[in-house]
1. Where nothing but the Cβ of Lys and Arg (+1) and of Asp and Glu (-1) is charged, how large is the charge dipole of the stretch 120-216 around its Cα centre, in debye to the nearest 20?
2. Between Ser286 and Ser46, take the C-beta separation as r, use R0 = 22 Å, and let me know the FRET efficiency to the nearest 0.05.
3. With +1 assigned to the C-beta of every Lys and Arg and -1 to the C-beta of every Asp and Glu, and no other charges, what is the dipole magnitude of the chain about the Cα centre in debye, to the nearest 20?
4. If amide hydrogens are placed 1.01 Å from N in the peptide plane, which non-local residues have theirs closer than 5 Å to the one on Tyr174?
5. Using the Cα centre of the stretch 65-175 as the reference point, and only Cβ charges (+1 on K/R, -1 on D/E), how large is the resulting charge dipole? Debye, rounded to the nearest 20.
6. Once amide H atoms are placed 1.01 Å from N in the peptide plane, what residues at a sequence separation of 5 or more from Ile24, or on another chain, have their amide H within under 5 Å of its amide H?
7. Starting from the Cα coordinates of the chain, work out the convex hull volume and express it per residue in Å³.
8. What ³J(HN,Hα) values, in whole Hz, does the Karplus curve 6.51 cos²θ - 1.76 cosθ + 1.60 give for the stretch 22-36 when θ = phi - 60°, with x put for Gly and Pro?
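Readers should treat all values here as calculations from the given coordinates under stated rules, not as data from a laboratory. Since the model is a prediction, treat every value here as computed from it, not as a measurement. Cβ atoms come from the backbone with ideal geometry, glycine included; neighbour counts cover every protein chain shown.
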Amino acid sequence: MALSIAFAPSVQAQDYPTRPVRLIVAFTAGGTADRTARLIAARMESTLGQAVAVENKPGGNGAVAAQYVAQSEPDGYTLFFTTAGAIAISPAFHSDLNYDSVKDFAAVGKAAINSPVLVVNASMKVNSARDLAELARKKPGMITVGITGRGAMSDLALQLFEADAGIQLQSVPYRGAAQAITDVLGGRLDGLVGDIPTVMGQVRAGKLKALATSSKNRSDIFPDVPTFVEQGFAGVIGDNWAGVLAPAGTPAPVIAKFNAAMVAALKAPDLRDQLRDAGTTPAPSSPAEFDAYMHEEIARWRAVIRDKGLTGD
């Protein structure tokens, strides 16, 4: 069943919006998703003629915000700024969620990509994911790598690396990347899988060494860092995308109007520069393109988690 976009004659697209739009973010203020949402929202206001107010509803790897938006009125005034976790990953692990990622939402548009990257202390004598795999074969279960929570994209990327390389690492969950970075720099942790925005500063300062990204293609933020795929680990693909969803039944003309403003914002040179400077790659799309992309992601992660035996706990 498609993440459909329905018509409702009671809402006139030409008048939308007549009041501020609430953009619900599934994570805490100050994080990568929150900063990205706020930059886009601020740029959209002049086009929409109304404020786009970001509200944070963290919890459950996005499940709290997802349920809230799914149960909201489908009028275009409560939208969901989500990442892959709530839509493509959590449903593959949990059958008891209070929302259906396919039936309960309509696609508005993709916004950005934040590629996970494997980093180690700059003094560690490895220069690639292949080198780390070789070292792990000699020291099974002894190399510690931080992740930003069980079931997070960083966790899944690391599990995929272990499965493809046939190695055993010791994953260490953190509530966020900041403390993990501190521990890698202090020598208490060997490495970390984190989004590029969280590690970019320390990598560019030469304090952390980037070994591989789990994106399908090289990141335009770190063009010199090869992907896991390029290094022979074909199954290690996981992009942490972000996009906007509406409650199912939101009128198509309303979705189209919000999408047009979002795409215009994401194509604006000043915003693109701001996002890239923060480590995020702009990735605007149409509602139909985002709908197809999400279906691919939902199906792929369900199959990967099942076939590779990945765990989210």
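1. Working: 12 positive and 8 negative charges, 43 e Å.
Result for the stretch 120-216 is approximately 200 debye, rounded to the nearest 20.
2. Details: r = 21 Å, r/R0 = 0.97.
Calculated value: 0.55.
3. It comes to approximately 660 debye.
4. Here Ile147, Thr148, Gly149 satisfy the definition.
5. Working: 9 positive and 10 negative charges, 134 e Å.
Dipole about the Cα centre, nearest 20: 640 debye.
6. HN-HN under 5 Å from Ile24: Glu55, Leu79, Phe80, Phe81.
7. Values: hull volume 35.4 nm³, N = 313.
Cα-based convex hull of the chain, divided per residue, equals 113 Å³.
8. 8, 10, 8, 9, 7, 9, 5, 5, x, x, 4, 4, 5, 4, 4
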